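Participant: Following this message is one structure expressed as structure tokens.
Every number here is computed from the coordinates shown, using simple stated rules; none is lab data. None of these values were measured; they are calculated from a predicted model. Neighbour counts run over all protein chains shown; Cβ positions are idealised from the backbone, glycine included.
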Amino acid sequence: MNWMKLKSSIVIVVTFLLINCPAISTAKQFSALFNNASDTIHQYQPANLLNSTCDSLSADQRSAERIISILLLHLPEHDPSFFDSYSAITFHRFRIGVKGSLKPEVDVLNKTKTNLNDSSFLFSTETLSHQKRLKPGFTQSENLSAKTDGKDDGSFGQLSVCLNDFSLLQTTNALFGKSYLSPFSKVAFGFYCYQLRDTITASGDTLCLIHFNPKPGKPFDGFIGTAVTDTKAGVIHQIIAQSTQYNPNEPLLVVNQRFERLKENWLPAEKTITVSFNQRNGPNQKETSAKEQNFIAESSTNIYQQEINPPLQPEDFKTATETGKMDPATNTFIYRPIDQKDLFSQQAADSALIVSRHKQQLKLIRLMAEGKIPMGYFDLNYNRLFGYNLYEGIKLGIEGESNLTLSKYFTVGGYLSYAFKDQSLINGEWLDVFPSGRPDYRIHLDHKDRNMEYGEPDFLESNSLLNPESFRTLLTKNMYATNRYAAGLEFRPYEMLSLYLFGDHSDNRARVNSSFLLEHPFDPITLMRTGLQIRYSPGAKFQMEDGHLEEITSPGSDFYLTVLQGLTAFDGEYRYTKIELKWKYILPFSKYGTTTVMVRGGTMSKSAPMIEFFNGYGSFAGTFSLAAPYSFATMKLNEFAAANYTAIHLRHDFSPWLFPEKFKKRPAFVFAQNMGVGQLDNLNQERYHLPDYRKGFYESGFEVNNLLRTDYLSWGVGIYYRYGPYQFGPIHENFAYKFGFFFNL
């Protein structure tokens, strides 16, 4: 028997089983779909899906994009996860059946016209649950009733959960090995075309009908549809959409989401998702006479009795073990028996408990990475117990700060530390006041006696082990002493934008205890500065956790800007202006992996003191040293100085391309390219004996990360090579070998 005959026989047998055993075949089909699921967003080469174009924006298209921007700005105001407390009764029904030649139709002002009443159901389930949420960290979904019909190997129940969680208000939704990009996100503007199609009047309000579809030439897993919006209120009334389908055998999703008004908020009310699986059963798929069979899955969710900020208390939440009752005679806990109808409900409760425990583990790991150990009313910073850098050597000390258990309106903290190599004793104290009781509006006062790096960047971000870029602080070789008093006001105009206005007064002096400092001494300097720090993170979402704003959705990009103005008031000796920016951007949907671009730049006036000069951001502390991404791995510490500079750091991770399904558990192959140019005027070069790198500094590197991995930590190695105008003569001196570790939460 040759291979072609064997292949034809197998196809015929499988076809017979599919026709006569739909329940078995469908369950196995779904199991395969879920086992191959990933978070990678697929892009396709074929492109002729849509007839409309939006190469040059018309007036209607520009109006539609402005409306979408307004809607995105107001989305958090109508998101139940952002309320202080919330409760609702939710009914969810999931059904999957078999029906021939069923093609769902969509009407923008009506529900999906798919009717499953006459379908042959393989599996169905209905649940009625009471959901409660209370900040910070209290969430409960209590099943009031549950009904399940049909057999399930686990894949049907998993599909039910996925469709219940599916929402077009999320940036992406992972399903069937795809990651569908929603048209309602900042990232979507580069991939979707929006058009204002019509306006209608409902209850005296003017509603806009906005059509959306993927831009020509950018086929990806997305949606085509229409949204009914109220521009004046900045809300969405209804969304009707169907998924892009580049292959007739791909699943087709039809989504209908409706929202209703409750007081001044528009909340989710109804959601119906229909998935059509087109399966061609002929032995030769090219035959037009092959029999077609459609598997249809429908998920419908209705939300009732929604309450915004109801009077909930932590005592109102019970654990999963409280589904039984206590026997007073024996003082033991009696579990009520679970029958077949309650099995799905119990599985959902167990899944919620596992998720809750996982979140608690991640929270503890996050606090540990930030150096915080909760101890009652105070958080102890273990980083201060033992610290190290190349300049100060081993540092021993203590740092503590009150937490919101003591008060949600203020925190107070301080530290004391001794550096053995530098033989310096440093200390600091601070007070943070939260007038509104929320951490996004903060008044800050502090005094810090510490050592600082020459030209140390100062952005509105905090050092954390979760951010490998901060590892560069461990490699610092040259520092000066500063005694600084500061006051500032931090606030968040809206979720993605943070602003910090501040002023500080400092006395700065040199410690002549290294070769660099011996060659570049300076007289004591008094500085009086005022400034503004900005962080803009489009796509980021935050959630209150124990009184702190935790970033629950990573932004597609991060933009930092710091503007400083030196003053001659209050004994300030220098009047100068200094501006520095940093922009990190992840290029989405790259076919051959993920590319991350970091752009840095800065400028300052000629009258700035030496300690403010940009230092080049090198991280070469020796031939073998710790890896610090987005720095110059072969540039020595303080090898160059600049009053004006620009740097570009590119990192491309090939893992999503090489291992599209399990890349998070496989080695990560990363190519890095760093380049920069910095200029210092000739007068300052001669005055301070500091060279610049105006001819351009270049290096390339290759890293293999994720070599060794635990649940939350991985290790890697890398090699970098320096070339160009500042290349060293001996070849071996241009190499830098790196090792690093990364937290993966």
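Participant: By how many nm would the segment from Tyr737 to Phe624 grow when fully extended, if each residue of separation counts as 0.36 nm and the alpha-carbon distance is taken off?
Facilitator: 40.2 nm
Participant: Stick to the Cα atoms of the range 479-541, pair each with every other, and give me the Kirkwood hydrodynamic radius in Å at one decimal.
Facilitator: Kirkwood hydrodynamic radius for the range 479-541: 14.3 Å.
Participant: Can I ask one more? Can you pull the one-decimal nm distance between simple spin-label points at Thr603 and Ile89, each 7 Å off the Cα toward Cβ?
Facilitator: Modelled inter-label distance: 6.4 nm.
Participant: Tell me, what does the Kirkwood hydrodynamic radius of the range 434-743 come to in angstroms if you use every pair of distinct C-alpha atoms?
Facilitator: One over the average 1/r among Cα pairs gives 21.0 Å for the range 434-743.
Participant: Holding the Cα-Cα limit at 27 Å, pick out from Lys135/Lys232; Lys408/Lys448; Lys147/Lys271; Lys135/Lys448 the pairs that are longer than that.
Facilitator: Lys135/Lys232; Lys135/Lys448
Participant: Here's another thing I want to ask about it. Based on alpha-carbon positions alone, could you give the equivalent ellipsoid semi-axes of the range 364-447 from the gyration tensor, as √(5λ), descending, whole Å?
Facilitator: Ellipsoid semi-axes (Å, largest first): 27, 15, 10.
Participant: Dipole of the range 558-661, Cα-centred, from +1 at each Lys and Arg C-beta and -1 at each Asp and Glu C-beta, to the nearest 20 debye?
Facilitator: Dipole of the range 558-661, to the nearest 20 debye: 220 debye.
Participant: With charges only on Cβ, +1 for K and R and -1 for D and E, what is the dipole size of the range 434-743 about its Cα centre, in debye, rounded to 20?
Facilitator: Computed about the Cα centre, the dipole is about 720 debye.
Participant: Here is a further query. I need the GluC sites (Glu not before Pro) found in the range 387-490, filtered to DSSP loop residues with at most 16 other beta carbons within 10 Å of theirs.
Facilitator: Answer in residue order: Glu461.
Participant: Using +1 at the Cβ of each Lys and Arg and -1 at the Cβ of each Asp and Glu in the range 434-743, identify which of Pro555, Gly503, Gly572 lies farthest towards the dipole's positive end.
Facilitator: Projecting each Cα onto the dipole axis, the largest value belongs to Pro555.
Participant: Quick one: of Lys186/Lys582; Lys132/Lys186; Lys372/Lys395; Lys584/Lys606; Lys372/Lys636; Lys582/Lys606, which pairs are farther than 24 Å apart, Cα to Cα?
Facilitator: Going by Cα-Cα distance, Lys132/Lys186; Lys584/Lys606; Lys372/Lys636 fall outside the 24 Å limit.
Participant: Stretch Gln170-Tyr246 to full length: gain in nm at 0.36 nm per residue minus the Cα-Cα span?
Facilitator: Separation in residues times 0.36 nm, less the Cα-Cα distance, equals 25.1 nm.
Participant: Can you give the three extents of the C-alpha atoms in the range 371-523 along their principal axes, from longest to shortest, in whole Å?
Facilitator: For the range 371-523, the Cα spread along each principal axis is 50, 31, 28 Å.
Participant: Turning to a different aspect of this structure: May I ask you to derive the FRET efficiency for Tyr441 and Tyr304 from their Cβ-Cβ distance with R0 = 41 Å, giving the value to the nearest 0.05?
Facilitator: After rounding, the FRET efficiency stands at 0.70.
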